[in-house]
Every structure is written in C-alpha cells, then in structure tokens.
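The values are calculated or read from the model by the stated rules, or taken from the named source; none is laboratory data. Bear in mind the structure is a predicted one, so any value in this text is a computation, not a measurement. Quick reminder, even Gly has a Cβ in these numbers, built from the backbone with ideal geometry, and neighbours come from all protein chains shown.
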Amino acid sequence: MQFDEKRLNRRIFLNHAARGLFLLSTLFALLVLAVLIYRIAKDSIGWLNIDFIKRNLSIFPEKAGIKGPIIGSLLLMTVVIPITVIIGVATAVYLEEFAKKGRIHRLIQTNISNLSGVPSVIFGLLGLTLFGRVLGLGSSILAGGLTMSLLVLPIVVVASQEAVRAVPGYLRDASYALGATQWTTIWRVVLPAALPGILTGTILAISRAIGETAPLVVLGIPMLIMKIPTSIFDDFTALPIQIYYWTLDTVLTAEYANLAAAAIVVLMIMLLTLNMTAVLIRNKFQRKF
C-alpha cells in the first residue's frame, strides 16, 4: 500500500485549523461573557447591598428593592419543583421500564424531543389560555408555576431517561434473581443508581425556570406589585420580570439600569448556587459499576 504524504499533511493541517477555530470560538464566547459580567458588576456598584435585598419595590429608584421578586421566585419554585420532578421522573421510568418499544413509544419520544425545542413564548401562550383563563388562575403563582413546569418538563424527562438507561442491566438481573418484583427493582435498585443523573438534570432545569422571562411576560405577570405574596394563589412578580421591566424603564430613568444590574447579580448568584449544588450532588452520589 503506497503512502500518501500529501494527504496526510493535508489532514494534519485541517486538524490544526479546526482546533484553532474551535479555540477562537471558545475564547470569543468567554470574552463576551467577561465583558457582560464586568459591565453588570460595574453598574451594580453602590446599589447592591443588604437594604436592596430587604426593601420592597418602589417607583423611586433610590428606595427600590427586590424582596418581593425574590419571594415570588422562591414560591414559584415551590410549585415548579414537585410537579416537574414527580411527572418528569414518572414519565421517564414508564418509557424506559414499562412501555413496549413500538410505534406509540417512538411517537411519544419524538414529541418529548420536539417539546425541548419549542420557544418559551409558546408555553407562555399555552399557560395564559389553559391556566390563566380556562382554569381562572389569572397571573397567580400557581399559574406561573404550572406554565414553567411545562417549559422544563421535557428537560427532566430526557435527563431522567438517560440516567435510568445508564443503570447496568446486571443490577436488574440480580434483583430479579433474588425474587424482587419489577416495581421493587425499580424503586430499590434502578432509581437509587440513577439518582445523580436525575438530580443533576432536575436542578439544571430548575435553573432555567428561574431565569425565564418570556412565559411570565405573556402570562401577564405585573412588574410593580407592592404586596408580598404569601400563598400560591396570590399575584406576584419574579426577578426576571423585574429585571426586564427595569431595563425597559432605563429610557425614562437612567438609575433603573443600576437597579437591573444589581438584580442580575443576585439572579446570577442564585443560578450559580444551583449549578454548583448540581455538581456537588452528582459527585457525592456518583457510583461506578
């Protein structure tokens, strides 16, 4: 077999060129992120403090705070988390352990994959029609939580499926050999082994739910509400909504840009905390089989 040196040199050149291109793309993305973080941190100086977190919303920038939006975001997650986890994990277990592989299974799987790519505004329209108007929930925390659950549910289902699918088959076989039923095997063997992947996917989905704005805007969540929500049936506002409207109001009042930057820093801290928690949970419960 004759050695083609030119072809080899060409492939090596293309390999180096591709590596350099990918490196430049990564550096460009990191540069843009660094510039954004710098601008946000610079604009938030002098505005981000304990009083800003403890104060309620106000029409006066120097007196405005984000206590209400923070509580609204946390209450929103009390609706999103249980609904998303229960329905998402149950769906994944059914598709992987109980459902027969066939046309219906492929149809369900395709629809779940397609839902992951649907724009978030569409989920907002669905939530407005179904939860806000048909069920009469209006712009309450419950309506927003149900809408956000629909948005991130495909992420949890897919992540849970991958985690369940990654459990070695011999663990199931060993459980069956000891006389365990299918449900006992799933509950005692499969789910504990798949727990790190399920929790990681769930927390990452919740991180997206906290930062989403479009569905809540379509749902009609107010930007300025003085009353602190106390139940899931109360009207509320959330951090992404408040940031969005403060950004719009910078045209009229320049100080709102500083308020938006300070709120973005708080939201980023919440998101980074959740992502770090996901990594720690994965590392703590990770098992090698």
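Structure notes:
- Residue selected from segment 82-94 under the condition in contact (Cβ under 8 Å) with a residue 12 or more places away in the chain and among the β-branched types (Val, Ile, Thr), by the criterion surrounded by the fewest Cβ atoms within 10 Å (Cβ to Cβ): 87
- Within the option set 93, 35, being under 30 Å from residue 195 (Cβ atoms) and β-branched (Val, Ile, Thr) holds for one residue only, 93.
- Selection count, segment 166-182, where residues are surrounded by 13 or more Cβ atoms within 10 Å (Cβ to Cβ) and either in a helix (DSSP H, G or I) or of a type in the set (Val, Ile, Thr) (or both): 7
- Single match in 79, 32 (criterion: loosely packed, with under 11 Cβ neighbours inside 10 Å, within 20 Å of residue 267 (Cβ to Cβ) and modelled with pLDDT of 90 or more): 32
- When residues in segment 96-141 are screened for being closer than 30 Å to residue 185 by Cα and either among the aromatic types (Phe, Trp, Tyr) or in contact (Cβ under 8 Å) with a residue 40 or more places away in the chain (or both), 6 of them pass.
- Selection count where residues are within 25 Å of the chain's Cα centre (by Cα) and free of Cβ contacts under 8 Å to residues at least 24 places away in the same chain, scope segment 226-259: 5
- One residue from 179, 201, 211 being on the phi > 0 side of the Ramachandran plot and in the same structural domain as residue 118 (by TED's automatic domain parsing): 179
- Residues satisfying the stated conditions in segment 178-205, i.e. among the β-branched types (Val, Ile, Thr) and in contact with a Lys or Arg (Cβ under 6 Å, 6 or more places away or on another chain): 185, 200
- Considered as a group, the residues in segment 111-139 that are among the hydroxyl-bearing types (Ser, Thr, Tyr) and within 20 Å of the chain's Cα centre (by Cα) include one that is modelled with the highest pLDDT, and that residue is 120.
- Residue in segment 55-65 that is touching a helix residue (DSSP H, G or I) at 6+ places or on another chain (Cβ under 8 Å) and assigned to a helix (DSSP H, G or I) present: yes
- Boolean, residue 108 is assigned by TED's automatic domain parsing to the domain that holds residue 276, in a helix (DSSP H, G or I) and at pLDDT 90 or above: no
- Taking the listed residues 132, 144, 124, 138, the one that is of a type outside the set (A, V, I, L, M), surrounded by 13 or more Cβ atoms within 10 Å (Cβ to Cβ) and touching a Phe, Trp or Tyr at 6+ places or on another chain (Cβ under 8 Å) is 144, with no other qualifying.
- Filter result for residue 69 (assigned to a helix (DSSP H, G or I), under 23 Å from the mean Cα position of the chain (by Cα), within 30 Å of residue 259 (Cα to Cα) and not charged (D, E, K, R)): yes
- Only listed residue being within 25 Å of residue 217 (Cβ to Cβ), within 22 Å of the chain's Cα centre (by Cα) and of a type in the set (A, V, I, L, M), chosen from 152, 85, 157: 152
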